[in-house]
4 protein chains.
Amino acid sequence: MLRFLTAGESHGPELVAIVEGVPSGFEIDPARINEDLARRQKGYGRGGRMAIERDEVQIVSGLRFGRSLGSPLTLVIENKDFKSWQKRMSIDPGDRGEAVPVTRPRPGHADLAGVLKYNLEDIRDVLERASARETAARVAVGALAKQILAPFGVEVLGYVVSIGPIESRTPDDIGMADMRRLSEQSQVRVLDAEAERAIIAEIDACKKTGDTLGGVVEVVAHGLPVGLGSHVQWDRKLDGRLAGALLSLQAAKGVEMGLGFRAAALRGSALHDEIGYD
Amino acid sequence: MLRFLTAGESHGPELVAIVEGVPSGFEIDPARINEDLARRQKGYGRGGRMAIERDEVQIVSGLRFGRSLGSPLTLVIENKDFKSWQKRMSIDPGDRGEAVPVTRPRPGHADLAGVLKYNLEDIRDVLERASARETAARVAVGALAKQILAPFGVEVLGYVVSIGPIESRTPDDIGMADMRRLSEQSQVRVLDAEAERAIIAEIDACKKTGDTLGGVVEVVAHGLPVGLGSHVQWDRKLDGRLAGALLSLQAAKGVEMGLGFRAAALRGSALHDEIGYD
Amino acid sequence: MLRFLTAGESHGPELVAIVEGVPSGFEIDPARINEDLARRQKGYGRGGRMAIERDEVQIVSGLRFGRSLGSPLTLVIENKDFKSWQKRMSIDPGDRGEAVPVTRPRPGHADLAGVLKYNLEDIRDVLERASARETAARVAVGALAKQILAPFGVEVLGYVVSIGPIESRTPDDIGMADMRRLSEQSQVRVLDAEAERAIIAEIDACKKTGDTLGGVVEVVAHGLPVGLGSHVQWDRKLDGRLAGALLSLQAAKGVEMGLGFRAAALRGSALHDEIGYD
Amino acid sequence: MLRFLTAGESHGPELVAIVEGVPSGFEIDPARINEDLARRQKGYGRGGRMAIERDEVQIVSGLRFGRSLGSPLTLVIENKDFKSWQKRMSIDPGDRGEAVPVTRPRPGHADLAGVLKYNLEDIRDVLERASARETAARVAVGALAKQILAPFGVEVLGYVVSIGPIESRTPDDIGMADMRRLSEQSQVRVLDAEAERAIIAEIDACKKTGDTLGGVVEVVAHGLPVGLGSHVQWDRKLDGRLAGALLSLQAAKGVEMGLGFRAAALRGSALHDEIGYD
């Protein structure tokens, strides 16, 4: 059973993940982890930091001559702008004077809950860890997991199905290869060129007025064996495990499996027709 | 930290839960657990079994003179129709001839995955445990948890917001007491009498044609302290923990926190206006 | 991965264990669990309660027609003298007047730590759960585990190597079958008839003066595959896992693996000679 | 609740530990961790490597201006001789030719079990992680834990009570301060100068003939609150938790709590007299 912990502040020296339970003998290529880290940094209209830092993983344990040893892998992602934060994020008590405390909690963030729970005065002490930058470590762990699954023909990919009010159409009967190709080509990771243009216009409009946008992502896994998870105990149910992982992502606020809420809005017979089940 | 395991087959002698980590000194009243068990069995248009069996919890450990001891509580819910299943669900190898094997897996259930994963021949060996009847044990655990939270002023309740295509309106500025009262009065646990009539008509129509309906439930917790969960590690995030628990429920296919998917369909500014945040 | 929780007070209605993760398709015979429960109750010079109650397991989940289903097994052991404790161990607040509080903590027991930690007034609220009677549930879980291991040729047995100052000799080159036979024949579960006589005399002497005796047990597992546990992470080391389980037993105060402390008292070369390793 | 994972091979670039659950606001001084790391490297007659490498911890997360943030701490200990192993321990498949495979498993080590379990060909792939060098990471974690406990007046120390056949006497009525001072002064960490001389002579004799020695260590914790661990569930018992941690240490083969096996060799009354309990 895989288990992992991540660590690291957004402007600290590095993000780290220890991944325990990786089986031995798997070929792990850091370059393929870097591809997913780069994908995480793409995105039309993203802020400046994403452009500056090109994340790169270093694997400092658990791997020898390109193969996993069975021992835990340590994935390290250096924060390339740590230089300019060294004093403000210093571990040295002598540098305390360098702090520029953040005192205004942002709504919808962990800021307020964090300072109250952990009895802290500078909101930076919370936001540095609560930041979505932490997901870089999780992307690396996920990219590692995909390399373990690949030899079994398991493939996982994600693409955007809506940004703000604009929905992107998923072409009928599209296969994994085309989904991958189209999403990679798109600046906003959609499968639908028309939607892409509308989304880009929407993003541009929002940038001008300082507005923000959310979106919805679809994740598809292909080639999985039957029987993942288990019906025998509440905490082993597959849907629960997946939903728990997905809603642990910063800013994620909803998750659906299969037809999701759509299934709740139809009679069973209509649903049956819609999905063409027979 | 509470942890619990449930056990028991749908037509076996009983459902059981061991709840570990309950603090000492809390007043636990089985009658209040039974109220929630009764609520679970209500529902306009439910099948016959629900009517026959009135679930009742027995607490056989961890409680003395009405107060928790700090030791694990065992919650037992007898299956009242076990008598008529005794032979078919017998633990005795000598009764194997009494089995009437189920061999046709139902789509959307654990049936097929279960027999393949556990190498079983009779689908009953899967469906007995995969059955939503198991949630009776979890309702009991939840009802117990509510009694631990009550002295701190924490209240949790749920009501129905849609069944099939019919949405129920939640009255503006409604408080917990009214939500509780209205949902308890409603045959379909909605807060909106008009929607109730429409839902009942829809259920009646579906019963006639043998059709089925899903629905959406809203759960509200009131009086919680700030700082539940934590931003520091992926598996301690509150949203993830809640979503993991909710999608572990049989037939649950989606979960939203706060505005959920609605928030993804609006610009930040529109969202801001909609929730009246200032 | 097996996990289990036990519950139940010593004079409550029953002891319970839920055992999660039992694979499907294993033949589980309650009679063989009862054999181990009976063995637990034997012992020259034991108190009266052991004689009165003959523990018997009931399996109320996870088993059908003699085979495990993959779902959690619930093992129930009724406390046969609950009748005479029903009022004093009642869950009903109305019976509080029936309590005869225990107020004098016994040294070396959980009594004092328990009432302080759990803020209780009647030591019975602690001792009922801290009691070694709880091991009946664990014996049942262990006996179940042995039935899962048996088809793979794994056998586990234990015998006494000393009681008080009297050591029992383990015959050279003795095999599992003889160890089992001799320990079963012995009233004090030793492999050495001479030591048995001396131990019985020592027990008789202690009974006369109201004194007590401890002892040392040796556990042997045979037929295990190579590679249990793992060197890769501190909490997966086999010795640590075994030691953790063994010292969780009430009154257990030491554990040795292999030569244990003996190995620390010899030079490597002497050790080498002693175990005849070449 | 603290949890931690360690990672790193003995001759890899570094050892790492992520420590999750450290409360916020504690003063953590890396220098005090380094003191414990230095103590680990002392020892009369130790091999060359211990002398060369002076372990130093770097804390790369979870700490700011000398105080813990509540977020996970990452402790990194660079392996200073990695330079000379860079090719042989490379993660690059292209360096595979640099390997000098170890093919002869050492008895009593994880070598054989490891290569069989993990299906490896070069024993180095096992021994690098199974090596007791890994304990450097755990010493760092323990030293961190001591800094969390210190403000509450909790102190933990260890000293040697025997090496090979030579036992060291613990002075009567000695306090923590003297135990610390004497053990720090001693080259072999005993509290008894006479025993020290005999032990040094024994070590010298063993070095000459290429022999080896084991030993026994006593660990004392002072100032702990009542109620650590719990009697309510088998896996929360204090003795079991401690024993599990202690026997997870490489080469540790026995553990005793309190009087340990000595208590099993005496009648209760004699024990009572010996410890002067009244």
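The values are calculated or read from the model by the stated rules, or taken from the named source; none is laboratory data. Because the structure is a prediction, the values reported are computed rather than measured. Here the Cβ is made from the backbone with ideal geometry for all residues, glycine too, and neighbour counts use every protein chain on show.
Residue check: A:Ile59 meets all listed conditions (1) of a type outside the set (S, T, N, Q); (2) part of a loop (DSSP other than H, G, I, E, B); (3) within 24 Å of D:Ile59 (Cβ to Cβ) but one, namely (2). Within segment A:216-232, which residues are at negative phi and surrounded by 15 or more Cβ atoms within 10 Å (Cβ to Cβ)? A:Val216, A:Val217, A:Glu218, A:Ala221, A:Ser230, A:His231, A:Val232 - these are the residues of segment A:216-232 that are at negative phi and surrounded by 15 or more Cβ atoms within 10 Å (Cβ to Cβ).
Step by step: first the residues of segment D:186-211, then only those that are in a loop (DSSP other than H, G, I, E, B) and surrounded by 15 or more Cβ atoms within 10 Å (Cβ to Cβ), then the one that is nearest to the other protein chains (Cβ to nearest Cβ). Which residue is that? Per the stated criteria, the residue is D:Asp211.
Of all the residues in segment A:96-128, those that are under 24 Å from B:His272 (Cα atoms) and either modelled with pLDDT under 95 or outside any helix (DSSP H, G or I) (or both) number 10.
Check whether at least one residue in segment C:227-242 is over 30 Å from D:Thr209 (Cβ atoms), in contact (Cβ under 8 Å) with a residue 40 or more places away in the chain and either part of a strand (DSSP E or B) or not charged (D, E, K, R) (or both), and report yes or no. There is no residue in segment C:227-242 that is over 30 Å from D:Thr209 (Cβ atoms), in contact (Cβ under 8 Å) with a residue 40 or more places away in the chain and either part of a strand (DSSP E or B) or not charged (D, E, K, R) (or both).
Yes/no matrix, rows are residues, columns are (1) within 14 Å of chain A (Cβ to nearest Cβ); (2) out of contact with any strand residue (DSSP E or B) (no Cβ under 6 Å at 6 or more places or on another chain); (3) crowded, with 16+ Cβ neighbours inside 10 Å:
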site	(1), (2), (3)
B:Gly66	no, no, yes
B:Leu69	no, yes, yes
B:Ser84	no, yes, no
B:Ser90	no, yes, yes
B:Pro107	yes, yes, no
B:Gly114	yes, yes, yes
B:Lys117	yes, yes, yes
B:Glu121	no, yes, no
B:Ala137	yes, no, yes
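Is at least one residue of segment B:12-25 without any contact (Cβ under 8 Å) to a residue 12 or more places away in the chain, surrounded by 14 or more Cβ atoms within 10 Å (Cβ to Cβ) and not in a loop (DSSP other than H, G, I, E, B)? No; the residues of segment B:12-25 include none that is without any contact (Cβ under 8 Å) to a residue 12 or more places away in the chain, surrounded by 14 or more Cβ atoms within 10 Å (Cβ to Cβ) and not in a loop (DSSP other than H, G, I, E, B). The one condition from (1) at pLDDT below 95; (2) of a type in the set (S, T, N, Q); (3) under 27 Å from B:Pro101 (Cβ atoms) that C:Gln41 does not meet is (3). Residue count for segment D:68-119, restricted to those that are basic (Lys, Arg) and closer than 30 Å to D:Asp29 by Cβ: 2. Within segment C:155-179, the only residue that satisfies the criterion of being surrounded by 17 or more Cβ atoms within 10 Å (Cβ to Cβ) and in a helix (DSSP H, G or I) is C:Met179.
One residue alone among C:Gly108, C:Gly70, C:Gly114 is touching a helix residue (DSSP H, G or I) at 6+ places or on another chain (Cβ under 9 Å) and on the phi > 0 side of the Ramachandran plot, and that residue is C:Gly70.
Within segment B:195-219, residues that are within 21 Å of B:Leu246 (Cβ to Cβ) sit with their Cβ atoms under 8 Å from residues that are part of a loop (DSSP other than H, G, I, E, B) and of a type in the set (Ser, Thr, Tyr), at 6+ positions apart or across chains, in these pairs: B:Glu218/B:Thr170. The residue that is surrounded by the fewest Cβ atoms within 10 Å (Cβ to Cβ), counting only those in segment A:247-271 that are outside any loop (DSSP other than H, G, I, E, B), at the interface with chain B (Cβ under 7 Å from one of its Cβ atoms) and in contact with a helix residue (DSSP H, G or I) (Cβ under 9 Å, 6 or more places away or on another chain), is A:Ser269. In the set (1) more than 7 Å from chain B (Cβ to nearest Cβ); (2) in a loop (DSSP other than H, G, I, E, B), A:Val220 fails one condition alone, (2). Among the residues of segment C:197-210, are any touching a Pro at 6+ places or on another chain (Cβ under 7 Å) and among the aliphatic types (A, V, I, L, M)? Within segment C:197-210, none of the residues are touching a Pro at 6+ places or on another chain (Cβ under 7 Å) and among the aliphatic types (A, V, I, L, M).
For segment C:1-44, filtering for residues that are under 27 Å from C:Asp81 (Cα atoms) and facing chain B (nearest Cβ under 9 Å) leaves 16.
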